[in-house]
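Since every read-out is calculated from the coordinates, none of them should be taken as a lab result. On a predicted model such as this, the values are computed, not experimentally measured, just so you know. Note: ideal-geometry Cβ built from the backbone for every residue, glycine included; neighbour counts use all protein chains shown.
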Amino acid sequence: MRDYGELVREAIRKAHEEADAKAAAAMGEFEIGKTYATHSVCAHDCIFSYTIIKRTEKTVTIRDKFGKVKRCKLHKNGKEEYIFPEGVYSMCPVLEAGDLVA
């Protein structure tokens, strides 16, 4: 027979597990086969468009509109995943999971 303290600890643990699962499900993630796009910081007419062709826990493999394939490290900001598809530099494009096109 369990005492009151054990029941409370179990209820708290279960509530934390459910909250963690809900937060993970709400976090925006890149999906295989979907296309994402973002505008250039310098020229708003310039649009960077990429299709996710493969993903692991820490990386995604993308294909640009010219057919070039590259692998990018996934970053997370607590709200959604993002990548730097052209590398990291002062005005580089940042592709976020919320930038879904198709």
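Quick notes
- Summed side-chain charge close to Ile83 - residues other than Ile83 whose Cβ falls under 12 Å, Lys, Arg +1, Asp, Glu -1: 0
- Rough spin-label spacing in nm, given labels placed 7 Å along Cα→Cβ, for Lys54 and Ala19: 3.9
- Ranked list, fewest to most other Cβ atoms within 10 Å of each Cβ, for Leu74, Leu100, Leu95, Leu7: Leu7, Leu100, Leu74, Leu95
- Integer Hz, Karplus 6.51/-1.76/1.60 couplings in order for region 89-99, x for Gly and Pro: 8, 4, 10, 6, x, 10, 9, 9, 4, x, 8
- Shown is the FRET efficiency for Met91 and Lys34, computed with R0 = 30 Å from the Cβ-Cβ distance and rounded to the nearest 0.05: 0.75.
- Option label - Rg and Dmax of the Cα atoms in Å computed here, alternatives [x] 12.2, 36; [y] 19.2, 68; [z] 20.3, 56: [y]
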